[in-house]
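A.B. asks: Here it is, the structure in full.
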Amino acid sequence: MKRRQLVKALAATGLLAKYGTVGGLMGFMQRALANGNNPVPAGLHQLKGQVTVNGQPAHAGQLIRPGDTVVTAGDGEAIYVIGQDAFLQRSGSTVSFGHTAADFMRIVRGRILSVFGKGEREIKFTTATIGIRGTACYIEEGIQKVGAGGTASDTAPTYFCLCYGEAKVIPTAAPEQSETLLTTHHDHPIYISNDMNMPSTMVTASVINHTDIELILLENMVGRWPPFYGQIQAGGHY
């Protein structure tokens, strides 16, 4: 399926339309999908609400460099490219980037969808270290549970979905329970916990809060297609 045909097909599903009120993201997605095999320049490409880099207001086109920390406020959202990698950082999130592959990315809190090019990198957060290789993943870290009365309570376990590719998950509380995941299409999302009273620090989860449309967008920004793109059908998405 050609890009322009895919844009029309996705628009017909109504999935693109839901982004129309998010800072013009629908138009941005359509332009990115129609961009051919040409990667977009590195840097910040879509900003919504309050977004800061190292505590200073972010601006479109700004490069994200090793050592930088990107923060999106409660009304914020940011899409950015670093080399072969692209990121959709949702609201209320703090993400720091290191200087080496072994300390590439630290999720302090929040939600982020990422696609990565070739090569090994490590993602770190409270409950685990994840070694990735040419993959895509969605992470929720430090999200508070909401009780019956609508008030925040305990922090939920880390959510990790390896959308496709290969990753080695090493739980912080129990490194001996490390597991290598190999998936093709959201096959094995998990929750990761530091609770040693549980039989395992990793338990199976369902697919939540991220879509194939967003993955296609991010991959197209760096001149690639996700491995599942040919299977996209109207109504067949996450």
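The values are calculated or read from the model by the stated rules, or taken from the named source; none is laboratory data. A quick note: this is a predicted structure, and the numbers were derived from the prediction, not measured. Because the Cβ atoms are built from the backbone with ideal geometry, glycine has one as well, and the counts that use them run over all protein chains shown.
A.B. asks: Exactly one condition in (1) touching a Leu at 6+ places or on another chain (Cβ under 8 Å); (2) assigned to a loop (DSSP other than H, G, I, E, B); (3) at pLDDT 95 or above is false for Gly23; which is it?
C.D. replies: Going through (1) touching a Leu at 6+ places or on another chain (Cβ under 8 Å); (2) assigned to a loop (DSSP other than H, G, I, E, B); (3) at pLDDT 95 or above one by one, Gly23 breaks only (3).
A.B. asks: Could you tell me which of the residues Thr72, Thr100 is surrounded by 17 or more Cβ atoms within 10 Å (Cβ to Cβ) and not hydrophobic (A, V, I, L, M, F, W, C)?
C.D. replies: When all the criteria are applied, what remains is Thr72.
A.B. asks: Please verify whether Gly110 is among the small types (Gly, Ala, Ser), in a strand (DSSP E or B), at positive phi and touching a residue at least 12 places away in the same chain (Cβ under 8 Å), treating the condition exactly as stated.
C.D. replies: yes
Table: residues versus (1) more than 20 Å from the chain's Cα centre (by Cα); (2) assigned to a helix (DSSP H, G or I); (3) at pLDDT 90 or above.
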site: Ala173; (1), (2), (3): yes, no, yes
site: His185; (1), (2), (3): no, no, yes
site: His188; (1), (2), (3): no, no, yes
site: Met196; (1), (2), (3): yes, no, no
site: Ser206; (1), (2), (3): no, no, yes
site: Leu218; (1), (2), (3): no, yes, yes
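A.B. asks: Separate question: Out of all the residues in the range 75-84, which are buried (at least 22 other Cβ atoms within 10 Å of the Cβ) and within 19 Å of Gly119 (Cβ to Cβ)?
C.D. replies: Answer for the range 75-84, where residues must be buried (at least 22 other Cβ atoms within 10 Å of the Cβ) and within 19 Å of Gly119 (Cβ to Cβ): just Tyr80.
A.B. asks: Hey, another quick one. Right, Val53: closer than 21 Å to Glu219 by Cβ and buried (at least 17 other Cβ atoms within 10 Å of the Cβ) or not?
C.D. replies: Criteria not met by Val53.
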